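For reference, the structure is listed below as structure tokens.
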């Protein structure tokens, strides 16, 4: 029997959405400060408008404080899912007012792409976008990569019963520390430490490339936020190709690779347990899938006439595959160059995007942990077939600790795997119905649903509105690993049939 949601449930959901709305408004003070710093008057007014709307809505929603602020699991999932839709709408206000977007739908696309760390962009004339707008695009990566709810737990929501349900609702289920609030703060500690180191390194490289000090720092901050959070936004329309620098490519590769690693592994390594990097099923699977996808992509690239030799193919192919596999979306080729790759090379990139990085990281997609569990499940089934009838097969996996692989783990991993495959092909079907060829449609659909940001040229202001909405939904559903959809349907069913 389903329990029908009560008025108090709606008040609890509204109360915490209000806190998140107000927190987003406070975050907009960062680009507002940059607007004043660079004397960008019109952008400053736009961000003041965005702050005003966010704070007003936050005050309105939190005005009627519920009697109890405890959060049930279903309420936590709903708050997490709806908060991202709310953050998308509020974040889009200053960007839409900038005049660099054809419609409000395009600015919604941009902010959902930013928050989900996807990196597909509909910004017009990006190379002349004001510093404050450009920074805000990258800040949305920073907010989404750590998680809107994780930020709220770390800074705005304290001492609440049921905080873990918010954490789970944002598609995170591993408590690195016993307390979920402490876990959220640890994630931010790791992020800030790497932020300082990464920004300094990128600034130094930028200065050596001849970029002025102010621009070098600005680019370094933006590129780090996008790279660490495995998002694909960059300050320039040519992405990482703009810098024409092997040093910049290596530095960004290290940043987005670290961002795609499980925060739990970061915690263990920080505490001296470095062997976990080689023992964990997640990282072993990661190495295996990277090797396979790089090999497939290179087999395709070496057949193309415009790659003069293997080193050039390796440099371009390896970077694109790793950027795709980690869910980052940084590119050292243009979309038009991507479209000239043969089918085999594109399939290698598609597979890399579809798999994704590690669980409990800033990466999206299926995740290597689930791929490892599914593979181990197949291996266990093979051994059961080959064993005598009375034999018992026990398969162990090591993920932070040794555990016995159970049917529930295999079934859960298989369910999410199939759900992502359905999401990938559903988006590609919409692309085909809109008049695009199947493989490019599949490429773009996987890029959106896996929160990557690679584009073969379909993502543009001229694409049909139905495709823009499809990609927005794919980015949202893929980022939450279907938790928001399950929670929303569960809530509606309870509302309709509950007692």
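Nothing in this text is a laboratory measurement; each read-out follows from the coordinates by a stated rule. On a predicted model such as this, the values are computed, not experimentally measured, just so you know. Cβ placement follows ideal geometry from the backbone for every residue including glycine, while neighbour counts extend to all protein chains displayed.
Pair-distance distribution P(r) for the stretch 270-326, from all Cα-Cα distances in 10 Å bins starting at 0: 22, 38, 24, 12, 3 percent.
Take each peptide in 277-284, 321-328, 337-344, 108-115, count the other Cβ atoms within 10 Å of every residue, and average; sorted highest first, the result is 321-328, 108-115, 277-284, 337-344.
For residue 45 and residue 303 in the same chain, what is the full-extension length gain: residue separation times 0.36 nm, less their Cα-Cα distance, in nm?
Gain in length upon complete extension: 87.6 nm.
Ordering 412-422, 291-301 by mean Cβ neighbour count within 10 Å, with the highest value first, yields 291-301, 412-422. Only DSSP H runs of four or more residues enter the estimate; each adds -39500 (n - 2.57), and after division by the residues of the chain the mean residue ellipticity at 222 nm equals -21500 deg cm²/dmol. Modelled spin labels at residue 312 and residue 336, positioned 7 Å past Cα toward Cβ, are 1.8 nm from each other. The P(r) of the stretch 1-136 has a tail past 24 Å containing 36 percent of all C-alpha pairs.
Could you work out how much longer the chain between residue 425 and residue 208 gets when fully extended? Use 0.36 nm per residue separation minus the Cα distance between them, nm to one decimal.
Between residue 425 and residue 208, full extension yields an extra 73.7 nm.
If the chain linking residue 270 and residue 56 were pulled fully straight, counting 0.36 nm for each residue of separation and taking away their Cα-Cα distance, it would gain 72.9 nm.
If contacts are Cα pairs under 8 angstrom and at least 6 residues apart, what is the relative contact order of the stretch 205-247 in percent?
Answer for the stretch 205-247 is 31 percent.
Highest mean packing comes first when the peptides 86-99, 432-445 are listed by Cβ atoms within 10 Å, giving 86-99, 432-445. Shown is the FRET efficiency for residue 394 and residue 188, computed with R0 = 35 Å from the Cβ-Cβ distance and rounded to the nearest 0.05: 0.35.
Please work out whether the stretch 220-261 counts as rounded, prolate or oblate from its C-alpha gyration tensor, where a ≥ b ≥ c are the square roots of the eigenvalues and a/c under 1.5 means rounded, while otherwise a/b larger than b/c means prolate and anything else oblate? Verdict is oblate for the stretch 220-261. Using a ≥ b ≥ c from the Cα gyration tensor of the stretch 369-448 (square roots of the eigenvalues), is it rounded, prolate or oblate, where a/c under 1.5 gives rounded and otherwise the larger of a/b and b/c decides, a/b for prolate? Note, shape of the stretch 369-448 comes out prolate. Shown here are the Rg and Dmax of the Cα trace of the chain, at 22.4, 78 Å. The simple Förster model, with R0 at 30 Å and r as the Cβ-Cβ distance, assigns residue 433 and residue 378 a FRET efficiency of 0.30.
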